[in-house]
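Here the structure comes first, spelled out in structure tokens, and everything after it is commentary.
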Amino acid sequence: LRAAGSGGGGSGCVLLGDLNWDEKTDGDALAAAGEGWRDAWLESRPGEPGYTYDARTNGMLGGSLRKRLDRCLYSVGNVRVVAELVGREAIPGVEYAKQATRKRQRVTKRLPVLPSDHYGLLITMMDRGQADGGQKLEQKMGLETAKTTRLQAEEPDGKPAPGRKEPEVIVLD
């Protein structure tokens with residue numbers, strides 16, 4: 001990361017995903033990455049916690065653990081970033097039965113299903129010189145835009161579930 005973030009005349013570098021980074025045990029992510037790296041969440045939403053794993057608000061989890069495990073670190077020139085948490089809503093009409101033992105009794109708890117146990121990070125990068133015009137960085141760099149694909153919720157027999165709204169999923173080619 002230190003070499004990639006040091007400049008060198010390239011287009012830049014982005015490292016993002018489930019890094020399972022925890023400041024308490026792993027230290028400061030930007031200090032570890034080295035000079036030239038920035039954190040998209042901190043740049044876009046200073047002062048907001050940005051928990052991507054939040055057992056208090058994610059209905060399919062239990063407990064109270066709250067951490068910003070997913071990150072977007074970048075070493076890209078003059079860009080403006082906008083960071084958002086996505087996937088925070090339960091998938092309509094989908095739930096699962098969790099088996100537990102409480103006071104020596106076997107109980108079944110019905111829980112909502114979200115897209116993941118982690119909330120997703122949606123990061124938009126724009127050329128700061130073109131930020132008002134909205135020129136996205138991927139267009140500037142000549143990358144293909146993402147295709148949108150719809151997935152249909154299915155019954156156990158593989159047939160589409162009647163009346164279920166289809167969630168939208170972004171798939172990159």
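A short reminder: the numbers here are calculations on the coordinates, not readings from a lab. Note that the structure is a prediction, hence the values are computed from the model and not measured.
Can you give the convex hull volume of the alpha carbon atoms of segment 41-96 per residue, in Å³?
Details: hull volume 5.6 nm³, N = 56.
Hull volume over Cα atoms, normalised by residue count, gives 99 Å³.
Take every Cα-Cα distance within segment 9-79, group them into 10 Å bins from 0 onward, and report for each bin the whole-number percent of pairs it holds.
18, 47, 25, 8, 1
What would the Debye equation give as log₁₀ I(q)/I(0) for segment 11-135 at q = 0.10, 0.13, 0.17 Å⁻¹, counting only Cα atoms as equal point scatterers?
-0.42, -0.64, -0.93
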